[in-house]
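We did not get these values from a lab; they are worked out from the coordinates using the rules stated. Quantities reported herein were computed from a predicted structural model and do not represent experimental measurements. Glycine also receives a Cβ, built like all others from the backbone with ideal geometry; neighbour counts cover every protein chain displayed.
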Amino acid sequence: MPFNDPAHDLTPQQVDEMLERGEIDLIDVREPYEWDAGRIPRARHIELERLASRAETVPQDRKVVFMCRLGIRSAMAMQAFRASGWDAYHLAGGIQAWADSGLPLEPENGYVAEH
């Protein structure tokens, strides 16, 4: 399965607008130390290795967007969830692209941790 799936890649601006409108669930699949360093406001944290066991907590009646640092882990999550029936997408370029676009991180002094 290719990781390149442009139809399901979302830009930071698209994700920001969709979050603003309450249209998506944004799930951060990074490690706990990465989440603690800096995160996207309104994101929910389910680390990648726990995602399968927590799948029932991810709504199937709306779009779900996965994100990580650069987009590799979130692309894997997106593909697995799409294959199981979710309307799944991912944040292309990850939180790094989000931060590079000048979009806000939490906490106030949040930063993108190295993986």
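Here are the numbers:
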item	result
Sole residue being within 14 Å of the chain's Cα centre (by Cα) and of a type in the set (S, T, N, Q), chosen from Gln60, Gln13	Gln13
Out of Ala75, Ala99, Ala55, sole residue that is in a helix (DSSP H, G or I) and free of Cβ contacts under 8 Å to residues at least 60 places away in the same chain	Ala55
Matching entry among Val58, Val112 (being hydrophobic (A, V, I, L, M, F, W, C), surrounded by 13 or more Cβ atoms within 10 Å (Cβ to Cβ) and in contact with a helix residue (DSSP H, G or I) (Cβ under 6 Å, 6 or more places away or on another chain))	Val112
Glu49 vs. criteria assigned to a helix (DSSP H, G or I), over 17 Å from Val112 (Cα atoms), among the acidic types (Asp, Glu) and out of contact with any Asp or Glu (no Cβ under 7 Å at 6 or more places or on another chain)	yes
Per-region count, the stretch 89-102, residues crowded, with 24+ Cβ neighbours inside 10 Å and in contact with a Phe, Trp or Tyr (Cβ under 9 Å, 6 or more places away or on another chain)	3
